[in-house]
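What follows is calculated from the coordinates using simple rules that are stated; it is not laboratory data. A quick note: this is a predicted structure, and the numbers were derived from the prediction, not measured. Here the Cβ is made from the backbone with ideal geometry for all residues, glycine too, and neighbour counts use every protein chain on show.
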Amino acid sequence: MLVKAEATVRGAKMFKGQMDDGKKIDSGKLFVEMVLKESDNAFGMCTEAMKCKDSSVVESIKHTTFPFIAELDIDVVSGSKGMEQVVLAVRPMQAIKAAAKA
């Protein structure tokens, strides 16, 4: 199932290369701001890692100033480990200005 979502992207990382054992890896992650489920001990925001289809998703935004608001294309699938979300594309929409330091 393809889902479009608007999110604040706070960071990203990627790796494309070969491990010492010869295994090839092409991966990426976005670090997206999420609302914490409120309780007596939890409140506010946190950052969660979202898996990308490959490093090209991160490559497409690596020169963007972080953080920013973006539209994400997310593929949602179910497997043996439950529901999995994979970011297929990210489109920056608006930069977020840094808060003034006190």
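Could you work out the local net charge near Leu30, counting Lys and Arg as +1, Asp and Glu as -1, over the other residues with Cβ closer than 10 Å to its Cβ?
Details: positive: Arg10, Lys13, Lys29, Lys51; negative: Glu48.
With Lys, Arg at +1 and Asp, Glu at -1, the neighbours total +3.
Give me the number: length gained by fully extending Leu2 to Ala95, i.e. 0.36 nm times residue separation minus the C-alpha to C-alpha distance, one decimal in nm.
Details: separation 93, 0.36 × 93 = 33.48 nm, distance 2.50 nm.
This chain segment gains 31.0 nm when fully extended.
Report the net charge of residues surrounding Val77, where surrounding means a beta-carbon distance below 12 angstrom and charges are Lys +1, Arg +1, Asp -1, Glu -1. Walk me through the numbers on the way to the answer.
Numbers: positive: Lys51, Lys53, Lys81; negative: Asp75, Glu84.
That sum, taken over residues with Cβ under 12 Å, equals +1.
Kindly give the semi-axes, whole Å and largest first, of the ellipsoid equivalent to the range 2-95, taking each as the square root of 5 times a Cα gyration tensor eigenvalue. Could the numbers behind the result be given before it?
Details: eigenvalues 114, 65, 39 Å².
In descending order the semi-axes read 24, 18, 14 Å.
Which distance in nm do the two modelled labels at Val77 and Glu38 give, with both placed 7 Å along the Cα-to-Cβ direction?
Once both label points are built, they end up 3.7 nm from each other.
Would you mind counting up the charge near Ala12? Only other residues with Cβ under 10 Å from its Cβ, with Lys and Arg at +1 and Asp and Glu at -1. Before the final figure, lay out each step's value.
Values: positive: Arg10, Lys13, Lys29, Lys62; negative: Glu59.
Every neighbour counted, the sum reads +3.
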